[in-house]
Amino acid sequence: MFKLSKKIFTMILLVAVFMGSLKVQAAPVNEDSETLTHNTIATEKDVDKDFNYYETIFENDVKELSYPVKVKQQGVLLITLQETDPNFSTLTGQLYEDAGLTKKVGKTIYLSSGGEEKMGIAEVKKAGTYYIKLELLRKYDYKEKLSFNLQLDLIPGGTREIKKDVTYFAYQDYDTSENLYKIVVNKTGLVTLNIKFDKEDLQSARFTLLNSQKKPISEQASVYTEKNEKGAYSNTLNQFYALTKGTYYVKVDARGGLHTIKYSFSNVTDKSGASLGKAAGIKVGGSAVSGICTTADKKTKEDWYKFTLSKEQAIKVSIDSKVDGKLMAEVCDSKGKTVWYGSFYLYSGVQSKEVESSGKWSKGTYYIKVYKADEKSSGSYSIKVK
């Protein structure tokens with residue numbers, strides 16, 4: 001999905017075509033050198049922009065070119081080299097912090113004659129001017145002019161505010177820093193963070209929820225892509241938080257390289273009662289009722305529900321949940337005592353649990369209790385009795 005192509009810029013959703021060529025006669029780094037800049041790939045809307053590349057020209061006998069690169073913000077710079085003439089052996093590219101070309105940023109990129117274009121990664125931790133050096137190994141005694149295409153694309157990093165239902169592009173691997181995303185929640189509900197990688201493979205991401213002061217209010221969660229019925233991995237994963245109104249940050253460590261991230265919000269109407277005596281009613285065979293345990297709730301807070309059997313009958317209690325950490329659910333008798341096999345955890349991720357009666361239960365009123373298993377967990381759930 002995100003692969004860079006020398007014909008089509010498919011790094012982002014296979015839609016952005018190389019358009020326009022800005023020709024630059026590059027020169028060694030000095031006051032007169034042409035300064036290069038980059039495309040910024042921040043959101044899905046950026047795929048509609050024209051992506052410029054530079055034509056770097058090695059005049060006769062020239063084997064080395066260096067020039068400044070103006071970087072507009074912190075992030076990961078994707079440096080792509082593409083040949084236009086096969087009369088060379090190798091071309092290498094390296095980014096530096098300084099004009100003296102002594103402090104390397106990222107790894108060296110190697111382009112071989114006749115091969116596919118090559119992309120290198122360089123994390124730039126602040127805006128400013130960096131320097132790129134290209135070194136050409138010519139083929140045999142070929143001394144004539146050679147040119148190459150150079151494309152510079154910046155994926156923003158560091159702390160970024162992201163808006164609901166907007167797709168953002170991000171990059172992380174084992175050599176780059178974690179990303180921090182600011183989200184603003186306008187009312188109580190469930191936030192779902194979705195990450196999509198460019199490959200269907202075993203991928204993972206680690207999430208930590210922070211408050212407005214950037215203090216952790218959740219445990220670190222490790223989430224993995226899952227296999228489908230055919231045994232193939234998906235390329236997406238989801239993380240859930242049940243939140244009240246406020247400003248939050250989510251620290252994300254996704255080591256799969258280029259990916260997208262977005263979040264959605266679901267309004268959850270909590271129908272629960274605060275105690276056994278105030279338990280909210282559930283109609284047997286009726287619609288499911290919803291509830292939520294937010295990060296702001298204490299572990300001692302309990303959500304209570306009740307259902308009444310007008311006659312002796314078999315029943316099934318079903319609970320569907322989306323959780324960070326774990327919630328606890330208990331099915332109780334008329335006195336609030338947990339029935340046999342009626343206590344279970346609702347673990348991280350999407351889960352469905354059922355408690356089915358062994359035989360028939362007696363006529364009367366029964367209760368369901370849901371609460372946080374630990375202080376830093378949160379989640380939403382729905383309960384149905386039939």
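The values are calculated or read from the model by the stated rules, or taken from the named source; none is laboratory data. Just so it is clear, the structure is predicted and the values come from calculations on it, not from any experiment. No Cβ is skipped: glycine too gets one built from the backbone with ideal geometry, and neighbour counts run over all protein chains shown. The protein model used for the area step is the full one, side chains on, heavy atoms only, and it has no ligands, DNA or RNA in it. Shrake-Rupley method; radii C 1.70, N 1.55, O 1.52, S 1.80 Å.
Of all residues being open to solvent by less than 20 Å² (accessible area, probe 1.4 Å) and of a type outside the set (Gly, Ala, Ser) in the range 150-166, which is nearest to the chain's Cα centre (by Cα)? Just the residue, please.
Going through the qualifying residues, I end up with 162.
Are there any pairs, at least 6 apart or on different chains, whose C-beta atoms fall under 6 Å, with the first in the range 289-301 and within 13 Å of residue 329 (Cα to Cα) and the second part of a loop (DSSP other than H, G, I, E, B) and of a type in the set (Ser, Thr, Tyr), and if so, which?
Going by the 6 Å Cβ cut-off, the qualifying pairs are 291/272.
Which condition breaks for residue 321 when tested against (1) on the phi > 0 side of the Ramachandran plot; (2) assigned to a strand (DSSP E or B)?
Only one criterion in (1) on the phi > 0 side of the Ramachandran plot; (2) assigned to a strand (DSSP E or B) is unmet by residue 321, namely (1).
Output the qualifying pairs, or none if there are none: Cβ atoms under 8 angstrom, residues six or more apart or on different chains, first residue in the range 193-213 and closer than 21 Å to residue 376 by Cβ, second residue charged (D, E, K, R) and part of a loop (DSSP other than H, G, I, E, B).
Taking only residues 6 or more apart or on different chains, the pairs are 204/255; 205/255; 208/219.
Is it true that residue 334 is part of a loop (DSSP other than H, G, I, E, B), hydroxyl-bearing (Ser, Thr, Tyr) and either open to solvent by 10 Å² or more (accessible area, probe 1.4 Å) or in contact (Cβ under 8 Å) with a residue 24 or more places away in the chain (or both)? Working first, answer last.
Details: part of a loop (DSSP other than H, G, I, E, B): yes; hydroxyl-bearing (Ser, Thr, Tyr): yes; either open to solvent by 10 Å² or more (accessible area, probe 1.4 Å) or in contact (Cβ under 8 Å) with a residue 24 or more places away in the chain (or both): yes.
Criteria met by residue 334.
Under the condition of being outside any loop (DSSP other than H, G, I, E, B) and open to solvent by 10 Å² or more (accessible area, probe 1.4 Å), which residue from the range 81-93 is farthest from residue 34 (Cα to Cα)? Talk me through it step by step, then tell me what you get.
Let us first name the residues in the range 81-93 that are outside any loop (DSSP other than H, G, I, E, B), namely 81-83, 88-93.
Imposing the further condition that a residue be open to solvent by 10 Å² or more (accessible area, probe 1.4 Å) reduces the set to 82-83, 89-90, 92.
Values: 82: 20, 83: 21, 89: 26, 90: 24, 92: 20 Å.
Top of the filtered list is 89.
Can you name the residue in the range 339-386 that is modelled with pLDDT of 95 or more, open to solvent by less than 50 Å² (accessible area, probe 1.4 Å) and of a type in the set (Val, Ile, Thr) and, of all such residues, is farthest from residue 244 (Cα to Cα)?
Only one residue fits best here, namely 365.
Yes/no matrix, rows are residues, columns are (1) among the β-branched types (Val, Ile, Thr); (2) out of contact with any Lys or Arg (no Cβ under 7 Å at 6 or more places or on another chain):
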| position | (1), (2) |
| --- | --- |
| 256 | no, yes |
| 260 | yes, no |
| 284 | yes, no |
| 317 | yes, yes |
| 334 | no, yes |
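Against the conditions (1) part of a loop (DSSP other than H, G, I, E, B); (2) closer than 22 Å to residue 373 by Cβ; (3) open to solvent by 60 Å² or more (accessible area, probe 1.4 Å), where does residue 295 fall short? Just the number, please.
(3)
Being buried (at least 18 other Cβ atoms within 10 Å of the Cβ), more than 24 Å from residue 372 (Cα to Cα) and not acidic (Asp, Glu) is the filter here, so list the residues in the range 176-227 that pass it.
If the condition is that a residue be buried (at least 18 other Cβ atoms within 10 Å of the Cβ), more than 24 Å from residue 372 (Cα to Cα) and not acidic (Asp, Glu), then 176, 179, 181, 195, 196, 197, 203, 225 are the ones that fit.
Of the residues that sit in the range 111-144 and are among the basic types (Lys, Arg) and either within 27 Å of the chain's Cα centre (by Cα) or at pLDDT 95 or above (or both), which one is surrounded by the fewest Cβ atoms within 10 Å (Cβ to Cβ)? Break it down into steps so the answer makes sense when it comes.
First, pick out the residues of the range 111-144 that are among the basic types (Lys, Arg): 118, 125-126, 133, 138-139, 143.
Now restrict to residues that are either within 27 Å of the chain's Cα centre (by Cα) or at pLDDT 95 or above (or both): 118, 125-126, 133.
Working: 118: 18, 125: 14, 126: 9, 133: 18.
Step by step, filter the range 111-144, then rank; the result is 126.
What residue, among those in the range 228-283 that are open to solvent by 60 Å² or more (accessible area, probe 1.4 Å), in a loop (DSSP other than H, G, I, E, B) and not polar (S, T, N, Q), is nearest to residue 41 (Cα to Cα)?
Here the answer is 255.
Could you list, in sequence order, the residues of the range 94-104 that are part of a strand (DSSP E or B) and surrounded by fewer than 20 Cβ atoms within 10 Å (Cβ to Cβ)?
Going through the range 94-104, the residues part of a strand (DSSP E or B) turn out to be 94-96, 104.
Matches in the range 94-104: 104 only.
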